[in-house]
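The values are calculated or read from the model by the stated rules, or taken from the named source; none is laboratory data. The structure presented is a predicted model; accordingly, all values stated were derived computationally and were not measured. Heads up, the Cβs are rebuilt from the backbone with ideal geometry, glycines too, and the neighbour counts pull from every protein chain shown. Each accessible area value is taken on the protein alone, full model and side chains, heavy atoms only, with ligands, DNA and RNA left out. Shrake-Rupley method; radii C 1.70, N 1.55, O 1.52, S 1.80 Å.
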Amino acid sequence: MKKLVLILITLLLATSAALAAKPPQYFVDEAKLPFGEIPGLPTQRLWGVHNGAGYRIEVPYSWNGELVMWAHGYRGTGLELTVDNHPLREYLIANGFAWAASSFSKNSYDPAQGAKDTHALTMFFAGKFGRPVRTYITGASMGGHVTAIVAEQWPQSYDGAMPVCGVLGDYALFDFFLDFNLAAQTLSGIGAHYPFAADYLTVTVPATKAALGPAFPYVLNTEGQNFKSLVELRSGGMRPVFEQGFLFWNGVAGDFLFGLGVGDGTLPRQPGVAVDNSDVVYQFDTDPALSAPEAAFNDAVQRVVADPQARHVNGLSNVPPTTGDLKIPMLTLHTLGDLFVPFLMEEVYAKRVAAHNASQFLVQRATRDFGHCAFTAPELVRTFADLVAWVEHGVKPAGDNVLDPSAVADPNFGCTFTDKTSSRLWDQAGLGFLQPPACPVP
């Protein structure tokens, strides 16, 4: 597990300076594009390269005329471009849906390119098979960001959207990574400054953890408890499964979250520092009045100001923000304990949608897990099936109120849409201590 975590950190945190030195020579290994049919479900399958991106397309012979696009998550900074099958492939084919997925023509965190390439593949599909009766856009993690961009940019081409574990708050995600690391440094008293030095992970972080508790994250001192509380509030507020998420992402996953603070605050396409905490009021509890320790922390924490040109407010330049200007139904799914792409993303997006008076198009659901995109097959199937029923029959499905702090903090929050029969991450050997409290039996 820790080896995997270190690999992910290395991939995610490659510097943009290296990327800027020379345009990456991305490539598709076309020998890896072919894929076989599901036994008993004969289909027409296509694969190839379109506009520099690899693709896969699958159409059942009993096609219902509907298409489901898939946008994959972050691929790291490698040069090879790869394609996922849709995670609901078997369900889709068995129920008559066609699906298509693009590798995107670039790697790194570039949802703008992902949106362009996914939409181009949608148009390519229409040229091959005719315009679908209905088209859905779906995606996970960074692909959830892509899904929201596609839904907002080209609503006339899509009928419904399903981002899961999505980066729906765009820059707010990277601000959270900044919050996590600056808070740890401030409360530990280590005195590191952002951007952090090259020995941050090897020297500063071990000292930081030791200063936050005798056995971080399992045993914390007062400053460590304040850090934990701050992280909870900055990642989505008080909620079930945060406790398990904090232990998983800081214990089982090693220094993963500290690793997300390495870098200089720039992103692909960005002409400057994109992270910002200049106006954040940090707290250790939900009382809006600042306590003496909170006031001292806010005075001491380093403030980082984003470059004005680094946060474009519209269009597909840089890392495009999600505006919340929805015009088609969207049904989201997010785990409560995820600290890689935290539940905060859902709250940020809900506020943006409400600001556009478009809440009638948005339903959001929480599930009780701490993994990133750790959904079971029944959870994904239910979400997609409910989206289709909404689009086809006009009946808005039930969801969770992500903007009501008291509802989110309720011990049973997330139970409604959690699959309670499939195995979960805590069923693996050695992870039983991370099992969250059981939901009530219906």
**Message:** Only one of S291, S317 is surrounded by fewer than 18 Cβ atoms within 10 Å (Cβ to Cβ) and closer than 17 Å to A112 by Cα. Can you tell me which?
**Reply:** S317
**Message:** Within segment 136-154, take every residue that is open to solvent by 10 Å² or more (accessible area, probe 1.4 Å) and either touching a Ser or Thr at 6+ places or on another chain (Cβ under 7 Å) or aromatic (F, W, Y) (or both) and give me the one that is nearest to R352 (Cα to Cα).
**Reply:** E152
**Request:** Evaluate the following for S62: is it closer than 21 Å to M142 by Cβ and either modelled with pLDDT under 95 or of a type outside the set (A, V, I, L, M) (or both)?
**Result:** no
**Asked** Just one of G337, G324 is in contact (Cβ under 8 Å) with a residue 24 or more places away in the chain and touching a His at 6+ places or on another chain (Cβ under 6 Å); which is it?
**Response** G324
**Message:** Residue pairs, Cβ under 6 Å, 6 or more apart or interchain, first in segment 350-361 and open to solvent by less than 80 Å² (accessible area, probe 1.4 Å), second among the β-branched types (V, I, T). List them.
**Reply:** A350/V402; S359/V353
**Item:** Scope segment 49-64; condition touching a residue at least 24 places away in the same chain (Cβ under 8 Å), within 11 Å of I93 (Cβ to Cβ), in contact with a strand residue (DSSP E or B) (Cβ under 9 Å, 6 or more places away or on another chain) and open to solvent by 20 Å² or more (accessible area, probe 1.4 Å); matching residues
**Value:** W63, N64
**Prompt:** Does K128 satisfy the condition of being modelled with pLDDT of 95 or more, within 14 Å of I57 (Cα to Cα) and assigned to a helix (DSSP H, G or I)?
**Reply:** yes
**Request:** Go through segment 260-275 and give me each residue that's of a type outside the set (G, A, S) and either open to solvent by less than 30 Å² (accessible area, probe 1.4 Å) or touching a strand residue (DSSP E or B) at 6+ places or on another chain (Cβ under 8 Å) (or both).
**Result:** L260, L267, P268, Q270, V275
**Fill in**
Exactly one of L46, L41, L67, L81 is in contact with an Asp or Glu (Cβ under 9 Å, 6 or more places away or on another chain), under 18 Å from V146 (Cβ atoms) and surrounded by 13 or more Cβ atoms within 10 Å (Cβ to Cβ), and that residue is L81
**Asked** Filter segment 294-314 for residues that are open to solvent by 50 Å² or more (accessible area, probe 1.4 Å) and of a type in the set (V, I, T); which is nearest to K351 (Cα to Cα)?
**Response** V313
**Message:** Based on this model, can you work out whether S103 counts as at negative phi and buried (at least 24 other Cβ atoms within 10 Å of the Cβ)?
**Reply:** yes
**Prompt:** Has segment 401-417 got any residue that is in contact (Cβ under 8 Å) with a residue 40 or more places away in the chain, β-branched (V, I, T) and within 25 Å of I149 (Cα to Cα)?
**Reply:** yes
**Message:** I'd like to check something: does segment 162-171 contain any residue that is within 27 Å of L257 (Cβ to Cβ), open to solvent by less than 20 Å² (accessible area, probe 1.4 Å) and aromatic (F, W, Y)?
**Reply:** yes
**Fill in**
Checked segment 419-442 for anything open to solvent by less than 50 Å² (accessible area, probe 1.4 Å) and not polar (S, T, N, Q); matches are D419, R424, L425, W426, L431, G432, L434, P436, C439
**Complete:** Within segment 92-114, the residues that are assigned to a loop (DSSP other than H, G, I, E, B), closer than 21 Å to P132 by Cα and not hydrophobic (A, V, I, L, M, F, W, C) are N95, G96
